[in-house]
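Here the structure comes first, spelled out in structure tokens, and everything after it is commentary.
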Amino acid sequence: EIGVLKPDPSIYRHLIDRHRLAPSECIFMDDVARNVEGARAAGMAAFVFHDAAQAETALRAAGLTF
């Protein structure tokens, strides 16, 4: 849609700008490390997804409750 793909940091910045978010308000997870690095380069917290238990632990460590 915008002509950019992960892991280019500009795709994450587009999302941030379009939805008027602060990068510090965002958490990105992916099973591909280079995509995670792209999100981090855009200022987002990000981690590599391995499984549901690990993702839950990482999200809770980031302060999310559910």
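Key figures for this structure:
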| quantity | calculated |
| --- | --- |
| P(r) weight above 20 Å for region 1-60, C-alpha pairs, percent | 25 percent |
| Cleavage-rule hits, trypsin sites (Lys or Arg not before Pro), region 20-66, DSSP coil, Cβ neighbours within 10 Å at most 11 | ARG20 |
| Cβ-Cβ FRET estimate between ALA22 and LEU59, R0 fixed at 22 Å, reported to 0.05 | 0.75 |
| Unit charges at the beta carbon, dipole of the chain: most positive-side option, GLY3, ASN35, HIS19 | HIS19 |
| Rounded tilt (10° steps) of 9-18 against the dominant C-alpha axis of the chain | 90 degrees |
| Only Lys, Arg (+1) and Asp, Glu (-1) charged, at Cβ; the chain dipole about Cα centre in debye | 200 debye |
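Every read-out reported here was derived from the displayed coordinates using simple, explicitly stated rules and does not represent laboratory data. The structure displayed is predicted, hence computed values, not measured ones. Virtual Cβ from ideal backbone geometry, glycine too; neighbours counted across all protein chains shown.
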